[in-house]
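Okay, structure first, notes after.
The values are calculated or read from the model by the stated rules, or taken from the named source; none is laboratory data. Since we're looking at a predicted model, the values are computed, not measured. All Cβ positions, even for glycine, are placed from backbone atoms using ideal geometry, and neighbour counts span all protein chains on display. Just the protein is used for accessible areas: all its heavy atoms, side chains included, with ligands, DNA and RNA removed. Shrake-Rupley method; radii C 1.70, N 1.55, O 1.52, S 1.80 Å.
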Amino acid sequence: CAGLSVLPGVDFKTFEHDMALVDLRLALEAKGFTWYSERELKASHKSGPLPDAAITKGSERMAVEMELSQKRKERYLALFEEYAASGWAKVLYFTASRSLGDYLLKIASDLLVSKLYAGRLPDAGAAPITLKNYQGKEVVL
């Protein structure tokens, strides 16, 4: 991306996460979304949570989070409260398992954060990608 320096090497601690983001980026760009990486977002980030990426289509900005493993509930509580107060239209959590997505939606439900959506990582192909919030409302990408 223009203006970003070349990374000095591969960080193997985040390699699986980063590769999942690359696959997701390719799938979403093929559907007409514009992708902004975390590195791009940092350059203009003012305050609030910094997602793994952001996507836009038209005027709607959506935060993208890749969640491959479950973290402590307290960490999610703090982050979800920040997202609830943020300017993101939607926060899309792509998870490695359905149970992890359900766990995230339960926390979102406890906090009444309806702009948080969760769904499994998409399989290769052009099928629609569907995520749901705790109220059962769907967003289809």
Per-residue ³J(HN,Hα) for segment 23-37, Karplus 6.51 cos²θ - 1.76 cosθ + 1.60, θ = phi - 60°, Hz, x for Gly and Pro = 4, 5, 4, 4, 5, 6, 5, 5, 9, x, 7, 9, 10, 10, 6
Working from Cα positions, state the angle (0 to 90°, nearest 10) between the long axis of helix 98-111 and the longest principal axis of the chain.
-> 60 degrees
Please report, to one decimal in angstroms, the Kirkwood hydrodynamic radius of segment 1-126 built from all distinct Cα-Cα pairs.
-> 15.4 Å
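Once you have the Cα-Cα distance between ARG61 and GLU40, take 0.36 nm times their residue separation minus that, and quote the gain in nm to one decimal. All intermediate terms of the calculation are to be shown ahead of the outcome.
Values: separation 21, 0.36 × 21 = 7.56 nm, distance 1.43 nm.
Full extension from ARG61 to GLU40 adds 6.1 nm.
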State, to one decimal in nm, how far the label point of LEU26 lies from the label point of LEU77, with both points 7 Å from Cα in the Cβ direction.
-> 4.0 nm
Between ALA126 and THR14, the FRET efficiency computed from the C-beta separation at R0 = 30 Å comes out, to the nearest 0.05, as 0.60
Which residue fluctuates the most in the chain, going by a Gaussian network model with Cα springs under 10 Å, if the choices are ALA124, ALA53, ALA89?
-> ALA124
In whole angstrom, the spacing between the Cα centers of segment 79-111 and segment 8-77 equals 14 Å
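Could the peptides 60-67, 103-110, 34-41 be put in order, highest first, of the mean number of other beta-carbon atoms found within 10 Å of their residues?
Taking the mean over residues of other Cβ atoms within 10 Å, the ranking is 60-67, 103-110, 34-41.
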Note to self: with every protein chain in place and a 1.4 Å probe, segment 10-141 gives an accessible area per residue in Å² of 57 Å²
Protein accessible area in segment 1-131, 1.4 Å probe - carbon and sulfur % = 54 percent
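Starting from the Cα gyration tensor of segment 14-68, take the square roots of the eigenvalues, sort them a ≥ b ≥ c, and report rounded, prolate or oblate (rounded when a/c is under 1.5, otherwise prolate if a/b is larger than b/c, else oblate).
The shape class here is oblate.
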